[in-house]
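The values are calculated or read from the model by the stated rules, or taken from the named source; none is laboratory data. All figures in this text were calculated on a predicted structure; none of them were measured in a lab. Cβ placement follows ideal geometry from the backbone for every residue including glycine, while neighbour counts extend to all protein chains displayed. Side chains are part of the model used for accessible areas, which takes the heavy atoms of the whole protein and leaves out ligands, DNA and RNA. Shrake-Rupley method; radii C 1.70, N 1.55, O 1.52, S 1.80 Å.
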Amino acid sequence: MIRPSLNDLAAFAAVANHQSFRRAADVIGVSRSALSHTIIGLEAKLDVRLFNRTTRSVSLTQTGARLLARLDPVLQELDQALDTLSEERGTPSGTLRINANKSGARILLADVVPRFLDLYPDVELDLVSEGRLVDIVEQGFDAGVRLLETVPKDMVAVKFGGAVRFIAVAAPSYLEGRATPHTPDDLDAHCCIRQRLPSGKRYRWEFSKRGAEVAIDVPGNLTLDDNDLLVQAAVDGRGIAYVPDHFARPFLASGQLLTVLDDWCPPIPGLALYYPRSRHVPSPLRAFIDLLREVDRSR
(Lines give C-alpha, C1' and ligand atoms only; values in the text may rest on other atoms or scores of the structure.)
Protein backbone atom coordinates (compact mmCIF):
# COMPACT_ATOMS: atom_id res chain seq x y z
CA MET A 1 0.00 0.00 0.00
CA ILE A 2 1.31 3.44 -0.94
CA ARG A 3 1.02 5.82 2.00
CA PRO A 4 -1.29 8.73 1.06
CA SER A 5 -0.39 12.37 1.61
CA LEU A 6 -2.03 14.64 4.14
CA ASN A 7 -3.69 16.54 1.28
CA ASP A 8 -5.19 13.27 0.02
CA LEU A 9 -6.66 12.52 3.44
CA ALA A 10 -7.93 16.06 3.93
CA ALA A 11 -9.64 15.87 0.53
CA PHE A 12 -11.26 12.58 1.53
CA ALA A 13 -12.54 14.08 4.81
CA ALA A 14 -13.96 17.10 2.98
CA VAL A 15 -15.94 14.96 0.53
CA ALA A 16 -17.07 12.62 3.31
CA ASN A 17 -18.25 15.39 5.61
CA HIS A 18 -20.03 17.37 2.88
CA GLN A 19 -21.28 14.30 0.99
CA SER A 20 -20.74 16.29 -2.17
CA PHE A 21 -17.75 16.70 -4.49
CA ARG A 22 -19.01 20.13 -5.55
CA ARG A 23 -19.39 21.55 -2.03
CA ALA A 24 -16.12 20.00 -0.86
CA ALA A 25 -14.28 21.42 -3.86
CA ASP A 26 -15.67 24.90 -3.12
CA VAL A 27 -14.59 24.69 0.52
CA ILE A 28 -11.01 23.55 -0.10
CA GLY A 29 -10.57 25.74 -3.17
CA VAL A 30 -9.97 23.25 -5.98
CA SER A 31 -11.90 22.25 -9.06
CA ARG A 32 -14.38 19.42 -8.86
CA SER A 33 -12.46 17.43 -11.45
CA ALA A 34 -9.20 17.85 -9.53
CA LEU A 35 -10.86 16.70 -6.33
CA SER A 36 -12.39 13.68 -8.06
CA HIS A 37 -8.97 12.79 -9.44
CA THR A 38 -7.46 13.06 -5.93
CA ILE A 39 -10.06 10.68 -4.47
CA ILE A 40 -9.61 8.17 -7.28
CA GLY A 41 -5.87 8.28 -6.66
CA LEU A 42 -6.38 7.83 -2.91
CA GLU A 43 -8.56 4.78 -3.43
CA ALA A 44 -5.92 3.35 -5.74
CA LYS A 45 -3.16 3.94 -3.17
CA LEU A 46 -5.20 2.30 -0.39
CA ASP A 47 -6.58 -0.39 -2.71
CA VAL A 48 -10.08 0.09 -1.25
CA ARG A 49 -13.27 1.84 -2.33
CA LEU A 50 -14.13 4.70 0.00
CA PHE A 51 -17.27 6.08 -1.66
CA ASN A 52 -20.39 4.82 -3.38
CA ARG A 53 -21.00 7.20 -6.27
CA THR A 54 -24.00 7.79 -8.49
CA THR A 55 -24.76 10.67 -10.83
CA ARG A 56 -26.87 12.26 -8.05
CA SER A 57 -25.24 11.31 -4.77
CA VAL A 58 -22.09 10.26 -2.98
CA SER A 59 -21.95 8.22 0.23
CA LEU A 60 -19.32 6.45 2.28
CA THR A 61 -18.70 2.74 2.05
CA GLN A 62 -18.28 0.91 5.36
CA THR A 63 -14.53 1.11 4.90
CA GLY A 64 -14.76 4.83 4.18
CA ALA A 65 -16.90 5.40 7.27
CA ARG A 66 -14.37 3.59 9.47
CA LEU A 67 -11.53 5.65 8.02
CA LEU A 68 -13.43 8.92 8.57
CA ALA A 69 -14.19 8.01 12.20
CA ARG A 70 -10.47 7.58 12.88
CA LEU A 71 -9.29 10.42 10.67
CA ASP A 72 -11.60 13.29 11.72
CA PRO A 73 -10.21 13.61 15.28
CA VAL A 74 -6.65 13.52 13.90
CA LEU A 75 -7.34 16.33 11.42
CA GLN A 76 -9.06 18.40 14.10
CA GLU A 77 -6.09 17.88 16.40
CA LEU A 78 -3.80 19.00 13.58
CA ASP A 79 -5.89 22.13 13.04
CA GLN A 80 -5.63 22.93 16.73
CA ALA A 81 -1.87 22.41 16.70
CA LEU A 82 -1.47 24.76 13.73
CA ASP A 83 -3.81 27.23 15.39
CA THR A 84 -1.62 27.17 18.50
CA LEU A 85 1.35 28.15 16.35
CA SER A 86 -0.69 31.06 15.01
CA GLU A 87 -1.45 32.15 18.58
CA GLU A 88 2.23 31.94 19.55
CA ARG A 89 3.03 34.20 16.61
CA GLY A 90 0.57 36.61 18.17
CA THR A 91 -1.37 37.14 14.97
CA PRO A 92 -4.24 34.95 13.73
CA SER A 93 -3.87 33.72 10.17
CA GLY A 94 -5.72 31.56 7.69
CA THR A 95 -9.23 31.78 6.26
CA LEU A 96 -12.37 32.74 8.15
CA ARG A 97 -15.63 31.82 6.39
CA ILE A 98 -18.88 33.42 7.66
CA ASN A 99 -22.34 32.92 6.19
CA ALA A 100 -24.65 35.86 6.93
CA ASN A 101 -28.01 37.22 5.94
CA LYS A 102 -27.95 40.55 4.14
CA SER A 103 -28.76 42.60 7.25
CA GLY A 104 -26.00 40.95 9.23
CA ALA A 105 -23.47 41.33 6.44
CA ARG A 106 -24.31 45.01 6.12
CA ILE A 107 -23.73 45.66 9.84
CA LEU A 108 -20.50 43.67 9.91
CA LEU A 109 -19.16 45.47 6.84
CA ALA A 110 -19.91 48.85 8.36
CA ASP A 111 -18.65 48.34 11.91
CA VAL A 112 -16.48 45.26 12.29
CA VAL A 113 -14.90 43.99 9.07
CA PRO A 114 -12.73 47.07 8.25
CA ARG A 115 -11.17 47.06 11.74
CA PHE A 116 -10.74 43.29 11.69
CA LEU A 117 -8.88 43.33 8.37
CA ASP A 118 -6.64 46.17 9.56
CA LEU A 119 -5.83 44.33 12.80
CA TYR A 120 -5.33 40.90 11.24
CA PRO A 121 -3.90 41.25 7.72
CA ASP A 122 -2.92 37.56 7.64
CA VAL A 123 -6.57 36.47 7.80
CA GLU A 124 -8.57 36.04 4.59
CA LEU A 125 -12.21 36.79 5.38
CA ASP A 126 -14.80 35.07 3.18
CA LEU A 127 -18.19 36.64 3.96
CA VAL A 128 -21.04 35.00 2.07
CA SER A 129 -24.37 36.83 2.11
CA GLU A 130 -27.54 34.91 1.29
CA GLY A 131 -31.08 34.79 2.53
CA ARG A 132 -31.54 31.07 2.95
CA LEU A 133 -30.68 29.28 6.16
CA VAL A 134 -27.82 26.85 5.65
CA ASP A 135 -26.11 24.19 7.73
CA ILE A 136 -22.86 26.04 8.37
CA VAL A 137 -21.01 22.86 9.32
CA GLU A 138 -22.12 20.97 6.22
CA GLN A 139 -21.34 23.96 3.98
CA GLY A 140 -17.88 24.48 5.43
CA PHE A 141 -18.39 27.77 7.28
CA ASP A 142 -16.72 28.67 10.56
CA ALA A 143 -19.71 30.75 11.69
CA GLY A 144 -23.06 32.11 10.62
CA VAL A 145 -25.10 35.26 11.26
CA ARG A 146 -28.88 35.20 11.57
CA LEU A 147 -31.67 36.54 13.79
CA LEU A 148 -31.17 35.11 17.26
CA GLU A 149 -34.52 33.34 17.19
CA THR A 150 -33.48 31.32 14.11
CA VAL A 151 -30.10 30.13 15.45
CA PRO A 152 -30.05 26.32 15.92
CA LYS A 153 -30.17 25.30 19.59
CA ASP A 154 -26.93 23.32 19.43
CA MET A 155 -24.92 26.41 18.46
CA VAL A 156 -23.12 29.02 20.56
CA ALA A 157 -24.72 32.42 19.84
CA VAL A 158 -23.06 35.84 20.28
CA LYS A 159 -25.66 38.61 20.13
CA PHE A 160 -24.76 41.92 18.51
CA GLY A 161 -26.31 45.01 16.97
CA GLY A 162 -29.13 45.41 19.48
CA ALA A 163 -32.80 44.63 18.98
CA VAL A 164 -34.41 44.60 15.54
CA ARG A 165 -37.80 46.08 14.75
CA PHE A 166 -39.88 45.11 11.75
CA ILE A 167 -42.11 47.99 10.66
CA ALA A 168 -44.91 48.55 8.17
CA VAL A 169 -44.19 51.50 5.87
CA ALA A 170 -45.87 53.24 2.95
CA ALA A 171 -45.40 56.37 0.88
CA PRO A 172 -47.55 59.42 1.63
CA SER A 173 -48.83 59.22 -1.96
CA TYR A 174 -50.14 55.70 -1.31
CA LEU A 175 -51.81 56.59 2.01
CA GLU A 176 -53.46 59.74 0.64
CA GLY A 177 -57.16 59.12 0.25
CA ARG A 178 -57.01 55.71 1.95
CA ALA A 179 -57.99 54.77 5.49
CA THR A 180 -54.86 54.34 7.61
CA PRO A 181 -54.71 50.82 9.08
CA HIS A 182 -54.95 50.70 12.87
CA THR A 183 -55.00 46.92 13.35
CA PRO A 184 -53.45 44.10 11.29
CA ASP A 185 -56.94 43.12 10.11
CA ASP A 186 -57.22 46.52 8.42
CA LEU A 187 -54.53 45.41 5.95
CA ASP A 188 -57.21 43.38 4.14
CA ALA A 189 -58.35 46.66 2.60
CA HIS A 190 -54.87 47.58 1.38
CA CYS A 191 -52.38 46.60 -1.29
CA CYS A 192 -49.37 45.06 0.47
CA ILE A 193 -45.98 44.36 -1.06
CA ARG A 194 -45.41 40.74 -0.15
CA GLN A 195 -42.09 38.97 0.40
CA ARG A 196 -40.93 35.62 -0.95
CA LEU A 197 -38.57 33.77 1.39
CA PRO A 198 -35.52 31.88 0.05
CA SER A 199 -37.35 28.64 0.84
CA GLY A 200 -39.97 29.65 -1.74
CA LYS A 201 -42.68 30.28 0.84
CA ARG A 202 -44.34 33.67 1.13
CA TYR A 203 -43.58 35.48 4.38
CA ARG A 204 -46.51 35.96 6.77
CA TRP A 205 -46.37 39.35 8.44
CA GLU A 206 -46.04 38.94 12.22
CA PHE A 207 -47.47 41.49 14.65
CA SER A 208 -47.89 41.57 18.43
CA LYS A 209 -49.48 43.87 20.99
CA ARG A 210 -50.02 43.32 24.72
CA GLY A 211 -49.43 39.60 24.40
CA ALA A 212 -51.65 39.17 21.35
CA GLU A 213 -49.77 37.77 18.36
CA VAL A 214 -50.99 37.46 14.79
CA ALA A 215 -49.41 36.27 11.53
CA ILE A 216 -51.10 37.36 8.32
CA ASP A 217 -50.73 36.33 4.70
CA VAL A 218 -51.40 39.86 3.49
CA PRO A 219 -53.14 40.70 0.19
CA GLY A 220 -51.22 42.27 -2.66
CA ASN A 221 -50.33 41.95 -6.33
CA LEU A 222 -46.54 42.36 -6.03
CA THR A 223 -44.14 39.91 -4.38
CA LEU A 224 -40.40 40.57 -4.02
CA ASP A 225 -37.53 38.72 -2.37
CA ASP A 226 -35.22 41.52 -1.19
CA ASN A 227 -35.69 44.12 1.55
CA ASP A 228 -34.10 46.93 -0.46
CA LEU A 229 -36.50 46.21 -3.31
CA LEU A 230 -39.45 46.10 -0.91
CA VAL A 231 -38.52 49.53 0.45
CA GLN A 232 -38.06 50.96 -3.05
CA ALA A 233 -41.46 49.64 -4.13
CA ALA A 234 -43.03 51.28 -1.08
CA VAL A 235 -41.27 54.58 -1.86
CA ASP A 236 -42.70 54.32 -5.37
CA GLY A 237 -46.21 54.11 -3.93
CA ARG A 238 -46.88 50.45 -4.74
CA GLY A 239 -48.34 49.73 -1.31
CA ILE A 240 -47.40 48.89 2.27
CA ALA A 241 -44.14 47.01 2.92
CA TYR A 242 -43.01 45.22 6.08
CA VAL A 243 -39.23 45.41 6.59
CA PRO A 244 -36.51 45.68 9.26
CA ASP A 245 -36.45 49.32 10.32
CA HIS A 246 -32.84 50.02 9.30
CA PHE A 247 -33.70 49.38 5.65
CA ALA A 248 -36.38 52.08 5.74
CA ARG A 249 -34.68 54.56 8.07
CA PRO A 250 -33.23 56.93 5.42
CA PHE A 251 -36.59 57.18 3.65
CA LEU A 252 -38.44 57.80 6.92
CA ALA A 253 -36.02 60.61 7.70
CA SER A 254 -36.58 62.20 4.29
CA GLY A 255 -40.37 61.88 4.53
CA GLN A 256 -40.58 59.52 1.55
CA LEU A 257 -42.06 56.85 3.81
CA LEU A 258 -44.38 56.87 6.81
CA THR A 259 -44.97 54.12 9.35
CA VAL A 260 -48.32 52.51 10.10
CA LEU A 261 -49.34 50.04 12.83
CA ASP A 262 -46.50 51.31 15.05
CA ASP A 263 -48.04 49.91 18.24
CA TRP A 264 -48.22 46.46 16.63
CA CYS A 265 -44.49 46.41 15.79
CA PRO A 266 -42.42 45.91 18.96
CA PRO A 267 -38.68 45.19 18.80
CA ILE A 268 -37.49 41.58 18.78
CA PRO A 269 -34.11 40.04 19.72
CA GLY A 270 -31.64 41.01 17.05
CA LEU A 271 -28.80 39.33 15.24
CA ALA A 272 -26.32 36.79 16.51
CA LEU A 273 -23.11 35.31 15.23
CA TYR A 274 -23.16 31.58 15.90
CA TYR A 275 -20.77 28.65 15.63
CA PRO A 276 -20.70 24.95 16.54
CA ARG A 277 -20.53 24.24 20.27
CA SER A 278 -18.61 20.99 19.89
CA ARG A 279 -15.81 22.18 17.63
CA HIS A 280 -12.47 23.83 18.29
CA VAL A 281 -12.76 27.58 17.73
CA PRO A 282 -9.97 28.68 15.36
CA SER A 283 -7.98 31.76 16.30
CA PRO A 284 -9.35 33.95 13.44
CA LEU A 285 -12.91 33.30 14.65
CA ARG A 286 -11.98 33.97 18.28
CA ALA A 287 -10.39 37.26 17.24
CA PHE A 288 -13.46 38.18 15.19
CA ILE A 289 -15.80 37.42 18.13
CA ASP A 290 -13.67 39.47 20.54
CA LEU A 291 -13.74 42.45 18.17
CA LEU A 292 -17.48 42.02 17.55
CA ARG A 293 -18.16 42.18 21.28
CA GLU A 294 -15.86 45.19 21.68
CA VAL A 295 -17.62 47.09 18.88
CA ASP A 296 -21.02 46.16 20.24
CA ARG A 297 -20.16 47.42 23.75
CA SER A 298 -19.05 50.75 22.30
CA ARG A 299 -22.34 51.40 20.47
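Some notes on this structure:
- Any chance G177 is farther than 18 Å from D217 by Cα, out of contact with any Ser or Thr (no Cβ under 6 Å at 6 or more places or on another chain) and surrounded by fewer than 16 Cβ atoms within 10 Å (Cβ to Cβ): yes
- Scope the range 245-299; condition open to solvent by 50 Å² or more (accessible area, probe 1.4 Å) and more than 30 Å from A168 (Cβ to Cβ); matching residues: R277, S278, R279, H280, R286, D290, R293, E294, R297, S298
- Taking the listed residues R146, R115, R178, the one that is assigned to a loop (DSSP other than H, G, I, E, B) and among the charged types (D, E, K, R) is R178, with no other qualifying.
- Any hit, the range 198-206, residues being touching an Asp or Glu at 6+ places or on another chain (Cβ under 8 Å), open to solvent by less than 80 Å² (accessible area, probe 1.4 Å), touching a residue at least 40 places away in the same chain (Cβ under 8 Å) and closer than 22 Å to T150 by Cβ: no
This table checks each residue for (1) β-branched (V, I, T); (2) under 18 Å from the mean Cα position of the chain (by Cα).
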site: R132; (1), (2): no, yes
site: V137; (1), (2): yes, yes
site: G144; (1), (2): no, yes
site: A157; (1), (2): no, yes
site: A168; (1), (2): no, no
site: R210; (1), (2): no, no
site: V218; (1), (2): yes, no
site: N221; (1), (2): no, no
site: D226; (1), (2): no, yes
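- The residue that is farthest from C191 (Cα to Cα), among those in the range 207-244 that are polar (S, T, N, Q) and open to solvent by less than 40 Å² (accessible area, probe 1.4 Å), is S208.
- Whichever residue in the range 24-56 is open to solvent by 50 Å² or more (accessible area, probe 1.4 Å) and charged (D, E, K, R) and, among such residues, is farthest from the chain's Cα centre (by Cα): D47
- Residue within the range 272-293 that is modelled with pLDDT under 95 and closer than 18 Å to P184 by Cβ present: no
- Selection status of D83, at pLDDT below 80, closer than 17 Å to A287 by Cα, surrounded by 18 or more Cβ atoms within 10 Å (Cβ to Cβ) and not hydroxyl-bearing (S, T, Y): yes
- Close Cβ contacts (under 8 Å, 6 or more residues apart or on different chains) running from residues in the range 117-136 that are under 15 Å from S283 (Cβ atoms) to residues that are open to solvent by 80 Å² or more (accessible area, probe 1.4 Å) and assigned to a loop (DSSP other than H, G, I, E, B) are absent.
- Only a single criterion out of (1) at pLDDT 85 or above; (2) over 22 Å from G94 (Cα atoms) is not satisfied by T54, namely (1).
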